[in-house]
Amino acid sequence: MPNATVTPLRPRAPSGYTDAAALNDIHTLLTSDPDDGALADIAEILARTGRPMSRARDIEVTTTETALGWPVACVDAGDTSVFVRQSPAGPGW
C-alpha cells in the first residue's frame, strides 16, 4: 500500500504558546478557586494556542433493565443514540 499524503484543509498557524503551556494555565486556573469569568479565561487561553473552537454535544447516559432483567445502557449524544447491552448468549463477564 503506498503512503498517502495528508494535506490539512486549514493549516494551523505556528504559535509560540504551546499546548503544554495552555494545559498548565487551564489547570492553574481551575485549581485556584475559579470565578464567573473562568470560561472566558479558558477561551482566551485556547485562542492563544491557535486552535479553532469546535462545537461540543451534551452526552447523557441512562440505564434500565429489559423485560428479562438484563441491564441496558443508553448513551445519547445529540442526534445519535447507542444502546449497550450484554448478549443473553454471551459468557457473562
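At a Förster radius of 22 Å, what calculated FRET efficiency corresponds to the Cβ-Cβ distance of A56 and H27, to the nearest 0.05?
Between A56 and H27 the formula returns 0.70.
Could you give the length gained on full extension between T63 and R85, defined as 0.36 nm per residue of separation minus the Cα-Cα distance, in nm?
Result for the pair: 6.9 nm of gain on full extension.
No lab work stands behind these numbers, since they all come straight from the coordinates. Quick caveat, the model's predicted, so the values are computed rather than measured. Backbone-built Cβ (ideal geometry, glycine too); neighbour counts: all protein chains shown.
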